[in-house]
1. With unit charges on the beta carbons (Lys and Arg positive, Asp and Glu negative) and the dipole taken about the Cα centre of the chain, which residue among I244, N125, L233 sits farthest to the positive side?
2. In the range 92-167, what is the volume of the convex hull around the alpha carbon atoms, normalised per residue and reported in Å³?
3. With a probe of 1.4 Å, find how much accessible area the range 123-212 has per residue, and write the answer as a whole number in Å².
4. Of D104, D153, D117, which has the largest mean-square fluctuation in a 10 Å C-alpha GNM of the chain?
5. Helix-only mean residue ellipticity at 222 nm, the chain, DSSP H runs n ≥ 4 weighted -39,500 (n - 2.57), per residue, nearest 500. What is it?
6. If you average the sequence gap of Cα pairs under 8 Å that are 6 or more apart and divide by the length of the range 168-266, what percent do you get for the contact order?
7. Using 26 Å as the Cα-Cα cut-off, could you pick out the over-long pairs in K174/K211; K91/K121; K179/K211; K120/K146?
8. For the chain, which whole-number percentage of the solvent-accessible area (1.4 Å probe, protein heavy atoms only) is attributable to carbon and sulfur atoms?
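The values are calculated or read from the model by the stated rules, or taken from the named source; none is laboratory data. For clarity, every value in this text was computed on a predicted model and none was experimentally measured. Counting neighbours? That spans all protein chains shown, and the Cβs are built from the backbone with ideal geometry, glycine included. When the accessible area is computed, the model is the full protein with side chains, heavy atoms only, and any ligands, DNA or RNA have been set aside. Shrake-Rupley method; radii C 1.70, N 1.55, O 1.52, S 1.80 Å.
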Amino acid sequence: MSIKFSLNKLIPAVAVALAAFSAGTIATAAEDMPPLPKHDWGFKGPFGTYDRAAAQRGFQIYKEVCSACHSLELLSYRDLEGLGLTANQVKGIAAEFQVSDIGDDGSAIERPARPSDHFKKPFPNELAAAAANGGKAPPDLSVIVKAREGGPDYVYGILTGYVPYDKLTPEQIKEFNVKKDDNFNLHFPGHRIAMPQPLEDGKVTYVDGTKNTLQQEASDVVEFLSWASEPHLEARNRTGVRVILFLLAMAGLMYAVKRAVWADAH
């Protein structure tokens, strides 16, 4: 009986201690993380819309830089018409890629992609992706903006948060055990990230002549990935505004009816 009583007292105490330790660890980790950079995203809020020009530039960055490692499994090439591209432009973009298919005789063939095809993956499977990237497959970017706490600010922070080894303080190097070959990122949990810095000033040459600074490139690719995560956001926002206006009109009408019905009661 005494042993049972002691265990009953001990288990809650251990649980409280573990909870306190975990809370302290989380709080310490949160203190180590600088606040995410705040960006004025035009698609935020009930009246938000996407900047089509920025999203098209972001697609150019994805195509030229990100697509070498990251997939967009949930998008088809024809979805790009939602960015303002014409059907012929989309057809031309799709035709640049070869995809696997089955021929009329049942044999495996490679053919140019069609607008109805999904974006071609950079690797045939997850194991191949992991083998080519140090043992860990790069994440799919279809809904990366929705999947990460902080959303677009987090992705923007990651893309602009790299710090070269020679710019780190001795305290940072010691605290996070950073080696010269490590990739240090201010906004990545733990600060050491497997992905080398993907963007930098002049990484791409924009077809529309926009100045290609790191911040501009990061902003544009986040605009594109936000659209990829929620391509129907604008239609949903328009529907929501119409519903609210309808409800307001109905509320006004019902109030007028109520006043008319009860007018003779006074």
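1. So the residue furthest toward the plus end is I244.
2. Cα convex hull per residue, to the nearest whole number: 170 Å³.
3. Values: 5540 Å² over 90 residues.
Averaged over the residues of the range 123-212, the accessible area is 62 Å².
4. Greatest mean-square fluctuation among the candidates belongs to D104.
5. Working: 9 runs with 124 residues, N = 266.
Calculated at 222 nm, the ellipticity per residue is -15000 deg cm²/dmol.
6. Relative contact order here is 11 percent.
7. On the way: K174/K211 37 Å; K91/K121 18 Å; K179/K211 33 Å; K120/K146 22 Å.
Over 26 Å apart, Cα to Cα: K174/K211; K179/K211.
8. The computed percentage sits at 60.
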